[in-house]
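Working notes, structure below.
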Ligand code: 8YV
């Protein structure tokens, strides 16, 4: 049986690449240089399977240039907002992703930001490194207590629930907004309160965690108006997608003290970061590292391989993304 030509756009862990080379006619990117849009089109003209990542923009203008051989886009990542899934469907190209395997790592990073911002951990480290630690004082570097506060989770899927489990152990009260409530057994386990109205939840919580995907419905879900509805003492953590928050409005409000602080792992125009954010003390900013563990990258690679192999064997890949799901 002829092996499918699989083009991988970025460098993946060696163990994943080795297995892909065993199974498929695989073209790798050992230099890990992000492809230009023209190179991406060229890859889509040749490949039967494309393995992109969040750093590739597969919009409709790019997708319509795909060659007739392209049958599967096996995304290395859970989020698919960089792929126009509807255009792919219209052209008979299946799209798969890698759900489930980055849940715990992303939830860990979310929890780390929930702790780091109110407790001023990065500010403290920077002060120490600059030699500004002149000795302990009772009123120096005071942050805000985590225990007993209300956490409002936006998007109670796998990652949102994993964040809730951790947060509960830290004494936070769990509130959440989702398209629909989670099963009652999960709500009971997490002692979680469902808010159908996001506006009402935002006005009542002390920390907001964004854990929903970026879709047309969630673009700027945290708009300037909604950010203003939050308490000025509240914090925001985002490990999902930058586009869910109006980043400009957030930066302005953090600057003027209308919000207490933010922990951001993702940005609206990655890799660019709003320059206003870079000047603030009340933020912890990370370069999209939520799922960046070796274990997660290997598991993601394994999912990609299973999706391609299943397709190559004539079956429906397990992690298909259907436009109606988005
Ligand atoms: C990945 C992510 O690193 O999977 C996702 O949706 O945001 C990240 O954790 C990235 O997408 C890899 O393509």
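Only the coordinates and a few stated rules stand behind these numbers; no lab work does. Here the structure is a predicted model, which is why all the values come from computation and not from measurement. FYI the Cβ positions are ideal-geometry reconstructions off the backbone, even for glycines, and counts take in every protein chain you see.
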Likely footprinting exposure, 179, 10, fewest C-beta neighbours within 10 Å first | 179, 10
Using R₀ = 25 Å, calculate the FRET efficiency as 1/(1 + (r/R₀)^6) where r is the Cβ-Cβ separation of residue 55 and residue 313; round to 0.05.
-> 0.30
Pulled fully out, how much extra length does the chain show between residue 186 and residue 225, if you take 0.36 nm times their separation in residues and subtract their Cα-Cα distance?
-> 10.9 nm
Rough spin-label spacing in nm, given labels placed 7 Å along Cα→Cβ, for residue 302 and residue 144 | 4.0
Order by neighbour count: 61, 226, fewest other Cβ atoms within 10 Å first, most last.
-> 61, 226
If you take every DSSP beta bridge whose two residues both sit in segment 171-326, what share of them, in percent to the nearest 5, is antiparallel?
-> 5
So the angle from the long Cα axis of helix 158-169 to the longest Cα principal axis of the chain, reported in degrees to the nearest 10, equals 30
Helix 294-312 versus the longest principal axis of the chain: what angle, 0 to 90°, nearest 10, using Cα atoms?
-> 30
Taking r as the C-beta separation of residue 320 and residue 272 and R0 as 30 Å, the FRET efficiency to the nearest 0.05 is 0.40
The chain: antiparallel DSSP beta bridges as a percent of all, rounded to 5 = 5
Add -39500 (n - 2.57) for each DSSP H run of 4 or more in the chain, then divide by its residues: what number comes out at 222 nm, to the nearest 500 deg cm²/dmol?
-> -10000 deg cm²/dmol
By count of other Cβ within 10 Å, fewest leading, how are 51, 16, 95 ordered?
-> 16, 95, 51
Between the helical axis of 37-46 and the dominant principal axis of the chain, each derived from Cα atoms, what acute angle in degrees is found, rounded to the nearest 10?
-> 40
